[in-house]
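S.K.: Got a structure here, written out as structure tokens. Questions coming.
The values are calculated or read from the model by the stated rules, or taken from the named source; none is laboratory data. Not measured: the values here are computed from a predicted model. Heads up, the Cβs are rebuilt from the backbone with ideal geometry, glycines too, and the neighbour counts pull from every protein chain shown.
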Amino acid sequence: MAEAMKWIGSILFIFLLIGIAINVSFAQKNTNEENKVTTPQSQLSHYIVIFRFQRQTFEQDATEEEAKTVKTHLQYLKDLHADDRILFAGFRKDAVDGIVIFEAPTCEAAIKIVENDPAVKSRLFAWELHDFQTVLIHRVKP
């Protein structure tokens with residue numbers, strides 16, 4: 001099962017890189033320094049968000065408050081998953097980025113979902129949002 005999950009994660013990450021490399025989607029980037037919004041060419045229902053800690057040393061020097069914020073971020077994602085909004089969520093083991101593929105009716109709704117994340121609200125995470133065309137999806141059977 002662990003090997004299958006690694007394989008699925010690798011395939012999804014490759015699809016992410018291909019989509020970014022050929023620039024088939026719009027990009028919304030948000031950090032403390034910038035806030036650029038572009039209009040997507042089409043309104044798709046799947047979106048991918050990449051979360052990154054605002055500082056590279058977070059894992060070594062996180063405060064108690066920041067650790068609590070990460071826990072509330074995870075609960076926020078669990079709540080979205082319980083509402084059948086999240087298709088995939090995980091993080092890279094070799095870096096401090098998280099990747100979430102989720103559903104939203106519009107680009108504006110997707111941005112609101114990301115902006116309502118507790119780690120984004122507290123400026124702990126920078127984020128990058130792309131509309132995402134799902135081609136294949138594997139539903140894990142219980």
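S.K.: Hey, can you tell me all the residues within region 83-114 that are outside any strand (DSSP E or B), within 26 Å of Q60 (Cα to Cα) and touching a residue at least 40 places away in the same chain (Cβ under 8 Å)? Steps first, answer last, please.
M.R.: Our first condition is that a residue be outside any strand (DSSP E or B); within region 83-114, this holds for 83-85, 92-96, 104-114.
Imposing the further condition that a residue be within 26 Å of Q60 (Cα to Cα) reduces the set to 92-96, 114.
Passing the criteria: R92, V96, V114.
S.K.: If you don't mind, another one. Residues H130, H73: which one is touching a residue at least 12 places away in the same chain (Cβ under 8 Å), in contact with a helix residue (DSSP H, G or I) (Cβ under 6 Å, 6 or more places away or on another chain) and not in a loop (DSSP other than H, G, I, E, B)?
M.R.: Working: H130 fails: in contact with a helix residue (DSSP H, G or I) (Cβ under 6 Å, 6 or more places away or on another chain).
Exactly one of H130, H73 is touching a residue at least 12 places away in the same chain (Cβ under 8 Å), in contact with a helix residue (DSSP H, G or I) (Cβ under 6 Å, 6 or more places away or on another chain) and not in a loop (DSSP other than H, G, I, E, B), namely H73.
S.K.: Shifting gears a bit: Assess whether Q43 counts as being at pLDDT below 95 and either surrounded by 12 or more Cβ atoms within 10 Å (Cβ to Cβ) or among the basic types (K, R) (or both).
M.R.: On the way: at pLDDT below 95: yes; either surrounded by 12 or more Cβ atoms within 10 Å (Cβ to Cβ) or among the basic types (K, R) (or both): yes.
In short, yes.
S.K.: OK, next. Part of a strand (DSSP E or B), modelled with pLDDT of 85 or more and touching a Phe, Trp or Tyr at 6+ places or on another chain (Cβ under 7 Å) - does that describe any residue in region 52-65? Show your work before the answer.
M.R.: Of all residues in region 52-65, those part of a strand (DSSP E or B) come to 52-53.
Right, trim to modelled with pLDDT of 85 or more and you get 52-53.
Retained after the next criterion (residues that are touching a Phe, Trp or Tyr at 6+ places or on another chain (Cβ under 7 Å)): 52-53.
For region 52-65, residues part of a strand (DSSP E or B), modelled with pLDDT of 85 or more and touching a Phe, Trp or Tyr at 6+ places or on another chain (Cβ under 7 Å): present.
S.K.: Now for a different question. May I ask you to verify whether V70 is more than 22 Å from F132 (Cβ to Cβ) and surrounded by 13 or more Cβ atoms within 10 Å (Cβ to Cβ)? Lay out the reasoning, then the answer.
M.R.: Values: more than 22 Å from F132 (Cβ to Cβ): yes; surrounded by 13 or more Cβ atoms within 10 Å (Cβ to Cβ): yes.
Yes.
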